[in-house]
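A.B. asks: Before I ask anything, here is the structure I am working with.
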């Protein structure tokens, strides 16, 4: 099976999802990665086609289209990210290809691709079968990025050769203020979700974080309410935590959130025993964080003396 | 909305509430603000609100958020020399304007939307409203099957879904079971009784809830309603009759008092020093002071002590009038929550147990114990939990 | 400026879903939260531009079209100028079919901006926004959190992830995928909503879906229960156990 990977580049850096997709592609057969912005692609394993079309932009689907016409892949892989989904959805309509989204597992067959997706807020697994050529939009963290790294053999193709462009114009990046803590670099993260109840209770999480030598983060609803700054958001549209411990307090574990959780150990506390967060936890407690956390804080204090 | 439209809407709404014309008699004495648990944290005490509205100044009041700094404790209304219905009219009608503007505090907005959509403020399925009956070791009949009973037990939302309040519901259900009371619950057919919606300015939602609940009541035969939720009790005796509801309603303290002779024969001994919190909508609003005290004092071994602020002067737990859903907002304006002040007061009496009469009290006070560091020194129990403990000891 | 926002229905997850091998049966449907943000952003753009109209296009199928009334009423209460209820001739999980049919419907409506939410919990076979844009031959950009109008174009802010945003200029007409509106969703009091629902003039349109081949659901299933044991019961005991785990992983 021939697989084309859409390599995501943001701000001149190849994103981790790219390597994950390459890892997936390699399991399925021959892999070619397409990158549409300038970046150091040398660690991407296998063939890399590099087109310098500027910063990430939704109209790049037209570049992918041209490359697909030339390379004829059976399967095109995209990451389930803000940048890539724009391109995947336009491409699938333009080229009339079936597309599976929210995918966590891809299998190849004869003239068909099987994909498993997690939908309905994590409550249902859907097994899909697509006739090739097909597109799969894969969730971040479904495959091991390390397995997609190696050495690249790069082909540069100029934009003029392809003869495409569109009217959506990239203006600039808007970076978050650098002053706040970078949770993606923290070893220990104490994260709060809707279950924290209200802003006043975040103090409690901060106390716990301090005792453990970590930082406080939150899921989207907490940030939307304005209880924590955007830089503390964990998830698809926030940051990815990769440290030693992610302590999820009152977080249900929706897919968009869990995508940002790549810590080595996850401990979750939630009153709902069916909360999807438990599926990725090393250890879980069905309890009310408002009851459990103060007790935990007291005990840890005792231990630390 | 323009100011004229706001004032028109405001006057139209308070015009529908009995006695509200008395606001013209406001003599600006300031008793209301002086009595208010949030008086020191608000830019507009009820006195200033009335003054502002009379002067046609509405937007500034709404922008200050003062209308949300109210726990509907009724102290101002009770003490007002002009008998202005501040709690039931002045403030809810102002809150309604905020709702029409579309920008109430978010937590409360979500709670109100959940009530409209799911019949409870917790965003839980209405079909799970009677899950608590699976957690007790005796049979709790549901009206859909039983069709008739002597007593209809209304659990209300907190009593049905809130982890701590469910314990109170279970305790009272067990007491009724031990008393061999013929009771039943509505289970999934019960919707939020709605006092929270009414006091939050969602008059339309309240009306809808009342009408829907009354239609369900009419399906079954029962002699009276008993509830442990003081706000549900209040809505049922004062508001629901306006929509045609005519059955007798008792608060569970009254019910326990009515059954006191029987209970006395069954009480074991408890070794507690107990103080009693006059929940706002049991005591101050609805005049029930003696019954709970008699019940508590009837338990052998219990030593009863009074706090300083009792009966109509009791300090609110802060949970009413949407308070349970406004904590973030309120905390921005005051240093110490009323519940925190109250538990300190209870601890100062030397009591081991603070007994309460409204479902909302217990989680509010237990949270306050954590914040004030009094956990372990003082326990909070609903009166039905105390009674059950006495019956089982 | 002629603006439209698309409002879809998704299963309400507060209620339990019945999951069978070839069907997922929700107890009830509700408006897709991301689409509610799209409607909100459309109304915000109308406020900013001044001379604009917002039309809300609700999409449902014969099984659930009644559940759309509240969402459309809400949009009307918040200021939408016109409401459509597009009833698809059958339920489908294939977004491409919906996008193609919807594009036919929208083609001659001359909208300058079409807002849609970027995601829905049942969107496992495509995302509507990009597909719709392609069939309409309009530019598309998703992940949008802010929209401004400037010199006949839209200036938008797109979330890229990790707190990073980027600014783009989009020529009109265009399809915009909203992830969240610039301000929290406006609250609509019960009575206002009911009145809006009663007065709402909703133009009903029936839409026939094309049949796309190439993708099928093999089966639906409920995820397996997690293997980890869940700690429950006494808070003190749970805390002790958690501390043991924290020690195991060298945090304490």
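A.B. asks: Over chain B, what is the relative contact order in whole percent, taking alpha-carbon pairs under 8 Å and six or more residues apart?
C.D. replies: It comes to 16 percent, rounded to a whole number.
A.B. asks: For segment B:20-125, what does the alpha-carbon gyration tensor say about shape, rounded, prolate or oblate, given a ≥ b ≥ c as the root eigenvalues, a/c under 1.5 as rounded, and a/b over b/c as prolate?
C.D. replies: It is prolate, given that a/c is not under 1.5 and a/b is the larger ratio.
A.B. asks: Just from the alpha-carbon atoms, what are the Rg and Dmax of segment C:113-215 in angstroms?
C.D. replies: When restricted to Cα atoms, segment C:113-215 yields Rg and Dmax of 16.9, 47 Å.
A.B. asks: Tell me the relative contact order for chain C as a rounded percent, counting alpha carbon contacts under 8 Å between residues six or more apart.
C.D. replies: 23 percent
A.B. asks: Averaging over all projection directions, find the projected area of the Cα convex hull of segment B:228-347 and quote it in nm² with one decimal place.
C.D. replies: 9.2 nm²
A.B. asks: Can you pull the percent of Cα pairs in the protein assembly as shown with separation above 38 Å?
C.D. replies: Counting every Cα pair in the protein assembly as shown, those more than 38 Å apart make up 50 percent.
A.B. asks: Next up: When the chain is fully extended, how far beyond the present Cα-Cα distance does residue B:182 get from residue B:54, taking 0.36 nm per residue of separation?
C.D. replies: Residue separation times 0.36 nm, minus the Cα-Cα distance, leaves 40.8 nm.
A.B. asks: Something else now. Taking 1 over the mean of 1/r across every pair of different Cα atoms in segment A:202-246, what Kirkwood radius in Å do you get?
C.D. replies: Taking every pair of different Cα atoms in segment A:202-246, averaging 1/r and inverting gives 11.0 Å.
A.B. asks: Which FRET efficiency, nearest 0.05, do residue C:104 and residue A:161 yield, Cβ-Cβ r, R0 41 Å?
C.D. replies: Computed FRET efficiency for residue C:104 and residue A:161 comes out at 0.75.
A.B. asks: In degrees, nearest 10, range 0 to 90: what is the angle between the Cα axis of helix A:82-94 and the longest Cα principal axis of chain A?
C.D. replies: It works out to around 40 degrees.
A.B. asks: While we're here: Can you work out the FRET efficiency for the pair residue A:107 and residue C:21, with r the C-beta to C-beta distance and R0 = 25 Å, to the nearest 0.05?
C.D. replies: Calculated transfer efficiency: 0.85.
A.B. asks: Next question. Per-residue ellipticity at 222 nm for the protein assembly as shown, helices alone: DSSP H runs ≥ 4 residues times -39500 (n - 2.57), over residue total, nearest 500 deg cm²/dmol?
C.D. replies: Roughly -9500 deg cm²/dmol at 222 nm, from the helical runs in the protein assembly as shown.
A.B. asks: Something else now. Checking the a/c ratio against 1.5 first, then a/b against b/c, what shape does the Cα gyration tensor give for segment A:114-155?
C.D. replies: It comes out oblate by the Cα gyration axes.
A.B. asks: Per residue and in Å³, how big is the convex hull formed by the alpha-carbon atoms of chain A?
C.D. replies: 138 Å³
A.B. asks: For chain C, modelled as a GNM with alpha-carbon contacts under 10 angstrom, which of C:142, C:79, C:152 fluctuates the most?
C.D. replies: Highest fluctuation of the listed residues: C:152.
A.B. asks: Rg/Rh for segment A:2-162 to two decimals, with Rh computed the Kirkwood way over all alpha-carbon pairs.
C.D. replies: Reported Rg/Rh (Cα atoms, Kirkwood Rh): 0.94.
A.B. asks: Here is a further query. Relative contact order for segment A:176-305 using alpha-carbon pairs under 8 Å, separation at least 6, rounded to a whole percent?
C.D. replies: 24 percent
A.B. asks: Would you give the gap between the C-alpha center of segment C:119-165 and the C-alpha center of segment A:89-150, rounded to a whole Å?
C.D. replies: After rounding, the separation between the Cα centres reads 21 Å.
A.B. asks: Could I ask something else about it? Over what distance in Å are the Cα centres of segment B:58-112 and segment A:46-78 separated?
C.D. replies: That distance is 58 Å.
A.B. asks: Need one word for segment C:61-137: rounded, prolate or oblate. Basis is the Cα gyration tensor (sqrt eigenvalues a ≥ b ≥ c); a/c below 1.5 gives rounded, then a/b vs b/c decides.
C.D. replies: Verdict is oblate for segment C:61-137.
A.B. asks: With springs only between Cα atoms under 10 Å, which of C:20, C:206, C:33 fluctuates most in a Gaussian network model of chain C?
C.D. replies: In this elastic network of chain C, the residue with the biggest mean-square fluctuation among C:20, C:206, C:33 is C:20.
A.B. asks: Size of segment C:2-212 along its principal axes in angstrom, Cα-based, largest extent first?
C.D. replies: 50, 40, 38
A.B. asks: Which residues in segment B:348-382 have a backbone N closer than 20 Å to a point placed 7 Å from the Cα of residue A:211 along the Cα-to-Cβ line?
C.D. replies: B:366-378
A.B. asks: Pick out which of C:167, C:97, C:146 has the largest mean-square fluctuation in a Gaussian network model of chain C, springs linking Cα atoms closer than 10 Å.
C.D. replies: It is C:167.
A.B. asks: Contour minus end-to-end for residue A:272 and residue A:131, with contour as 0.36 nm per residue of separation and end-to-end as the Cα-Cα distance?
C.D. replies: 46.9 nm
A.B. asks: How big is the shadow of the Cα convex hull of chain B, averaged over all directions, in nm²?
C.D. replies: Answer in nm², one decimal: 17.8.
A.B. asks: In addition: Note down the nm distance, to one decimal, between modelled labels 7 Å out along Cα→Cβ at residue B:260 and at residue B:246.
C.D. replies: Rounded to a tenth, the inter-label distance reads 3.2 nm.
A.B. asks: Starting from the Cα-Cα distance between residue A:224 and residue A:301, subtract it from 0.36 nm times their residue separation and give me the gain in nm to one decimal.
C.D. replies: 24.5 nm
A.B. asks: Still on this structure, I have one more. For chain B, find the longest principal axis of its Cα atoms and tell me its angle to the long axis of helix B:361-372, 0 to 90°, nearest 10.
C.D. replies: 80 degrees
A.B. asks: Helix A:289-304: angle to the longest alpha-carbon principal axis of chain A, degrees 0 to 90, nearest 10?
C.D. replies: Approximately 70 degrees, to the nearest ten.
A.B. asks: Restricting to chain A, what percent of DSSP beta bridges are antiparallel, rounded to 5?
C.D. replies: 25 percent
A.B. asks: Right, next: Between segment B:169-185 and segment B:1-27, how many Å separate their Cα centres?
C.D. replies: 44 Å
Rule-based calculations on the coordinates, nothing more; no lab input. Keep in mind that what you see is a predicted model, and the values were worked out from it rather than measured. Ideal geometry is used to build each Cβ from the backbone, glycine not excepted, and the neighbour counts take in all protein chains shown.
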